[in-house]
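Colleague: First, the structure itself, so that you have it in front of you.
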Amino acid sequence: MYDIVIVGAGPAGLTAAIYALREEKKVVILEKETIGGKITSSSKVENYPGFKSISGMDFANNLYEQIIDLGGEINIEEVLSIENGKVKKVITDENTYETKSIIIASGSKYKTLNLDNEEELIGNGISFCTVCDGSFYKNKDVCVVGGANSALNSVLYLSKLCNKVYLVVRGPKLKGDKKVIDNVLSLSNVEVLYNTTVNKYILDNDELVGVEVKSNECEKRLDVEGVFLAIGQSPEIDYLNDLIKVDENNYVLASEDCITNIDGIFVAGDVRKKEVRQLTTAVSDGTNAAINAINYLKEV
Ligand SMILES: Cc1cc2nc3c(=O)[nH]c(=O)nc-3n(C[C@H](O)[C@H](O)[C@H](O)COP(=O)(O)OP(=O)(O)OC[C@H]3O[C@@H](n4cnc5c(N)ncnc54)[C@H](O)[C@@H]3O)c2cc1C
């Protein structure tokens with residue numbers, strides 16, 4: 001019987017594991033794809049305290065080594081379902097784990113356009129996060145794809161740094177707060193392209209040099225070095241099967257204490273309902289979830 005089963009080996013899950021292992025709890029971390037989570041697809045991280053600049057892969061490797069040094073167990077298995085009870089069960093594609101508590105740290109997936117070369121360009125020309133990657137495009141031309149609040153906020157952020165920002169909007173109008181829309185439309189270095197979709201990423205020697213966009217009237221090329229996709233995220237919660245309370249966008253409901261509505265089940269990282277999804281907030285959640293799981297274990 002495990003003390004804590006952690007679902008997801010991203011920064012949130014691995015941080016939770018560090019705290020639990022240091023308290024000598026019996027822990028297993030289950031990961032379906034990549035140890036380190038989403039950050040492994042970032043070529044450069046420059047906003048994590050203590051590291052001026054580090055690749056996402058090195059960041060993940062450091063975390064991995066820290067877990068292994070603490071005697072942690074990470075198994076590459078996909079969690080398919082969870083059964084609640086005094087003894088909880090976590091069922092994967094290979095095993096069933098019995099445990100006293102669970103930390104859900106399965107993150108979220110950014111939505112993409114499903115175009116050729118997209119996967120290779122993520123972290124190297126295509127980004128989802130202006131706060132993380134905006135400064136790499138200082139004085140350059142970029143494009144933002146999306147038409148709602150997160151796209152609008154990305155444009156506001158980038159317009160201060162970049163030479164020119166195109167906003168590619170699939171529909172005939174922008175959706176979001178009126179004030180923010182007015183603000184975006186007033187910017188002289190922003191051009192909004194309505195009823196327009198991105199057709200193709202244009203590469204030169206494997207580097208992104210532009211996109212081809214298509215509207216009802218025409219197809220044209222935008223010479224941009226960066227593309228910011230702001231078309232939404234979806235939390236990875238299929239395996240929860242309505243067990244836990246989530247919001248209208250399927251993010252797991254819990255406050256900063258990371259305690260869910262089910263006794264002994266905690267949540268950490270991007271999968272939790274919150275405003276800011278970053279490494280720093282993921283590791284903060286991992287800490288809170290682990291400490292509250294450890295406190296829970298004292299009572300059962
Ligand atoms: C290209 C890119 C660049 C970024 N750059 C930065 C940056 O510079 N600075 C910054 O602060 N943030 C950055 N971010 C955001 C940052 O990566 C996330 O906020 C952070 O990874 C969230 O950590 P997490 O552990 O909550 O989730 P994730 O990293 O998403 O990890 C969740 C893990 O759970 C696994 N999982 C999901 N479902 C299951 C299942 N059923 N069974 C088993 N495992 C499962 C997933 O495979 C994944 O590995 C970037 C993100 C991307 C994509």
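The values are calculated or read from the model by the stated rules, or taken from the named source; none is laboratory data. All values reported here derive from a predicted model rather than from experimental measurement. All Cβ positions, glycine included, derive from the backbone under ideal geometry; neighbour counts span all protein chains shown. With ligands, DNA and RNA removed, areas are computed over all heavy atoms of the protein, side chains included. Shrake-Rupley method; radii C 1.70, N 1.55, O 1.52, S 1.80 Å.
Colleague: Show me, for segment 41-53, the HN-Hα J-couplings you get by feeding each phi into the Karplus relation (A = 6.51, B = -1.76, C = 1.60, θ = phi - 60°), rounded to Hz, glycine and proline as x.
Modeller: Result, ordered by residue: 8, 9, 6, 8, 10, 10, 10, 9, x, x, 10, 4, 7 Hz.
Colleague: Nearest 20 debye, what's the magnitude of the dipole of segment 118-229 about its Cα centre given +1 on Lys and Arg Cβ and -1 on Asp and Glu Cβ?
Modeller: Dipole about the Cα centre, nearest 20: 660 debye.
Colleague: Got a sec? Charge dipole of the chain, +1 on Cβ for Lys and Arg, -1 for Asp and Glu; which of I82, L167, T34 is way out at the positive end?
Modeller: After comparing all options, I get L167.
Colleague: Okay, next question. With θ set to phi - 60°, apply the Karplus curve 6.51 cos²θ - 1.76 cosθ + 1.60 along segment 209-220 and write out the HN-Hα couplings as whole Hz, x wherever there is a Gly or Pro.
Modeller: For segment 209-220, the Karplus-derived couplings read 10, x, 9, 9, 10, 10, 10, 4, 7, 7, 10, 8 Hz, x marking Gly and Pro.
Colleague: If contacts are Cα pairs under 8 angstrom and at least 6 residues apart, what is the relative contact order of segment 118-229 in percent?
Modeller: 30 percent
Colleague: Run the accessible area of the chain with a 1.4 Å probe and give the carbon-and-sulfur part as a rounded percent.
Modeller: Whole-percent figure for carbon plus sulfur exposure: 44.
Colleague: Quote the charge dipole size of the chain about the Cα centre in Debye, to the nearest 20; the model charges only the Cβ of Lys and Arg (+1) and of Asp and Glu (-1).
Modeller: I would put it at about 1040 debye.
Colleague: Can I ask one more? Divide by every residue of the chain the summed helix terms, -39500 (n - 2.57) for each DSSP H run of at least 4, and state the resulting mean residue ellipticity at 222 nm, rounded to the nearest 500 deg cm²/dmol.
Modeller: Calculated mean residue ellipticity at 222 nm is -7500 deg cm²/dmol.
Colleague: Cross-link candidates for K164: which aspartates and glutamates have Cα within less than 14 Å, leaving aside residues fewer than 8 places away along the same chain?
Modeller: D141, E191, D223, E225
Colleague: Could I ask something else about it? Listed here are the pairs K38/K111; K88/K298; K111/K160; K26/K86; which of them are more than 21 Å apart at the Cα?
Modeller: K111/K160
Colleague: Further question: What does the accessible area per residue of segment 118-229 come to in Å², with a 1.4 Å probe and no ligands, DNA or RNA counted?
Modeller: 53 Å²
Colleague: Quick one: which residues, 5 or more positions from I126 or on another chain, have an amide H under 5 Å from its amide H? H modelled 1.01 Å from N in the peptide plane, none for Pro or chain starts.
Modeller: HN-HN under 5 Å from I126: V227.
Colleague: Residue by residue through segment 274-287, what is 3J(HN,Hα) from phi via Karplus (6.51 cos²θ - 1.76 cosθ + 1.60, θ = phi - 60°)? Round to whole Hz and write x for glycine and proline.
Modeller: With coefficients 6.51, -1.76 and 1.60, one gets 6, 7, 10, 10, 9, 4, 4, 6, 5, 6, 4, 4, x, 5 Hz.
Colleague: Hey, another quick one. Farthest toward the dipole's positive end in the chain, which of G125, V155, I291, given Cβ charges of +1 (Lys, Arg) and -1 (Asp, Glu) about the Cα centre?
Modeller: Projecting each Cα onto the dipole axis, the largest value belongs to V155.
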